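Novice: Before we start, here is the structure in question, set down as structure tokens.
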Amino acid sequence: MSEDSSGQGRRAAGRRRRKPAKRRRALVVAAWSAAGVVLLGGAGLGYVYFSLNGNLKTVDIDQALGTDRPQDVDNGSMDILVLGSDSRGGANGEYGQDDGGSARSDTAMIVHLYEGHKKASVISIPRDTLVTRPACTVTGSNKTDRGGPRQMFNESFTIGGAACAVKTVEKMSGIRMDHYIEVDFTGFKKIIDNLGGVEVTTTKPIKDGSSHLDLPSGTNKLNGEQALGLVRTRKSVGDGSDLGRIQLQQAFIKALIKQVKGIGVFDNPKRLLDLADTSTKSLTTDTQLGSVKALAGFAQSLQGIDAQNMQMITLPVTADPRDPDRVVPLTKESQMVWTALLGEQPIPAEATANSMGDKGKAGEIVR
């Protein structure tokens, strides 16, 4: 079993991407749901452009990483690293002990938009995956963390912030990330509330004290607090690991996508403004997405993607033989995933056939 998915020396042969000729609307979870829905609002709010622009936080990934990245070649597709931050600082303190603003990537997804932006593949990375982390500049200092093998994936964000997380993903996959989107706990919760909640159907009750979730079986309309509880739940579903939580997150994304197009946001100016204001305050993006205009265009370009056009998997992993609380990528199967994305192909079924991440039943609990 490999400790690393080993796409590590490769460079993408066809990465970046002409801008899509047509613009559309939005989708998505944790991070991705917030990020996409955010812009649902931004697209119609030119009259408050400057106010919303001032809400956004950005990170200059290109400057931080320089030229030590996979090749940037235009082929019409797009790759986005989406992170959900689990900082317990500030308003997020109710979800755990204050960490002084330090954070980990509680949710991590690589979103690949195929040429034409009519379909997408989403690869969730378990936060306790052991990878070979590259050297990264430590956040808030001039020091360099040398990285090395057998490092937890989510520690990349803790050590070096967005730039280190992007660098780690690019070294794993050989794929250049075109954009970066991050959302925090509190922001996600408020966005769902501004949308008026999200309806899901549970096939059995879910009760999880750690995430403060208590849902009966059947149809439930989740408010922001409940939605956050759902995407954070793990101990009461599946095998109690992060892999089960990922399956719940993926199921929630699909439920959100199905609902959002009929939610009537554009028919309700107050909801539209509240959503745009909350969303832009909740996001951190790369500098290229760091304006309402850029975000609105990006969100519109996602409108043509429905739940049935999204292939969602977990990075192929297996239990670490040295630590049962950690997982390691399956080298051959992970490479199948990266090769498929680089070649603009669907991810083959054999890539996940032996993976722990897609064998559980947690995702079947939510529809």
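Just so it is clear, none of the values below were taken in a lab; they were calculated from the coordinates. From a predicted model like this one, the values you see are computed outputs, not experimental measurements. Note: ideal-geometry Cβ built from the backbone for every residue, glycine included; neighbour counts use all protein chains shown.
Novice: Quick one: which residues, 5 or more positions from GLU199 or on another chain, have an amide H under 5 Å from its amide H? H modelled 1.01 Å from N in the peptide plane, none for Pro or chain starts.
Specialist: LEU222
Novice: Go through the stretch 337-349 residue by residue and turn each phi into a ³J(HN,Hα) via Karplus (6.51, -1.76, 1.60, θ = phi - 60°); whole Hz please, and just put x for glycine and proline.
Specialist: These are the phi-based 3J(HN,Hα) values: 5, 5, 5, 4, 5, 5, x, 6, 10, x, 6, x, 4 Hz.
Novice: While we're looking at this one, here's another question. Just name one of PHE153, ALA227, PHE185: the one whose Cα is farthest towards the positive end of the charge dipole of the stretch 119-246 (beta-carbon charges, Lys/Arg +1, Asp/Glu -1).
Specialist: Most positive-ward Cα: PHE153.
Novice: Residue by residue through the stretch 296-301, which ³J(HN,Hα) values in whole Hz follow from phi under the Karplus form 6.51 cos²θ - 1.76 cosθ + 1.60 (θ = phi - 60°), with glycine and proline marked x?
Specialist: Computed from phi, the couplings for the stretch 296-301 are 4, x, 4, 4, 4, 5 Hz.
Novice: Using the structure shown, select from LYS118/LYS167; LYS254/LYS332; LYS57/LYS204 the pairs with a Cα to Cα distance greater than 31 angstrom.
Specialist: On the way: LYS118/LYS167 27 Å; LYS254/LYS332 28 Å; LYS57/LYS204 39 Å.
Where the Cα-Cα span goes over 31 Å, the pairs concerned are LYS57/LYS204.
Novice: Using each residue's phi in the stretch 310-326, evaluate 6.51 cos²θ - 1.76 cosθ + 1.60 at θ = phi - 60° and report the 3J(HN,Hα) Karplus result to the nearest Hz, with x for Gly and Pro.
Specialist: 10, 9, 10, 9, 9, 3, x, 9, 9, 5, 5, x, 9, 8, x, 8, 10
Novice: Further question on the same structure: So who's got an amide H within less than 5 Å of the one on THR58, skipping anything under 5 residues away but keeping other chains? H placed 1.01 Å off N, in plane.
Specialist: So THR58 has HN proximity to THR285.
Novice: Would you please give the residues with an amide H less than 5 Å from that of ASN75, counting only those at least 5 places away or on a separate chain, with H modeled from the backbone geometry?
Specialist: It is ARG16, ARG17, ARG18, by chain and number.
Novice: Report the FRET efficiency, 1/(1 + (r/R0)^6), for GLU199 and GLN308, where r is their Cβ-Cβ distance and R0 is 22 Å, rounded to 0.05. Don't skip to the answer; put the middle values down first.
Specialist: Details: r = 18 Å, r/R0 = 0.81.
It comes out at approximately 0.80.
Novice: With +1 on each Lys and Arg Cβ and -1 on each Asp and Glu Cβ, and nothing else charged, work out how big the dipole of the stretch 298-356 is about its Cα centre, in Debye to the nearest 20. Spell out each step's value before the answer.
Specialist: Numbers: 3 positive and 7 negative charges, 17 e Å.
Dipole of the stretch 298-356, to the nearest 20 debye: 80 debye.
Novice: Could you rank the peptides 301-313, 116-128, 167-179 by their average count of other C-beta atoms within 10 Å per residue, with the highest value first?
Specialist: 167-179, 116-128, 301-313
Novice: Which shape class, rounded, prolate or oblate, goes with the stretch 132-221 when its Cα gyration tensor gives a ≥ b ≥ c as root eigenvalues, a/c under 1.5 marks rounded, and past that a/b bigger than b/c marks prolate?
Specialist: The shape class here is prolate.
Novice: How would you classify the stretch 167-309 from its alpha-carbon gyration tensor, with a ≥ b ≥ c the square roots of the eigenvalues: rounded for a/c under 1.5, else prolate if a/b is greater than b/c, otherwise oblate?
Specialist: Cα axes put the stretch 167-309 in the oblate bin.
Novice: How would the stretch 279-367 be classified by its alpha-carbon gyration tensor: rounded, prolate or oblate, with rounded meaning a/c under 1.5 and the a/b versus b/c comparison settling the rest?
Specialist: Cα axes put the stretch 279-367 in the prolate bin.
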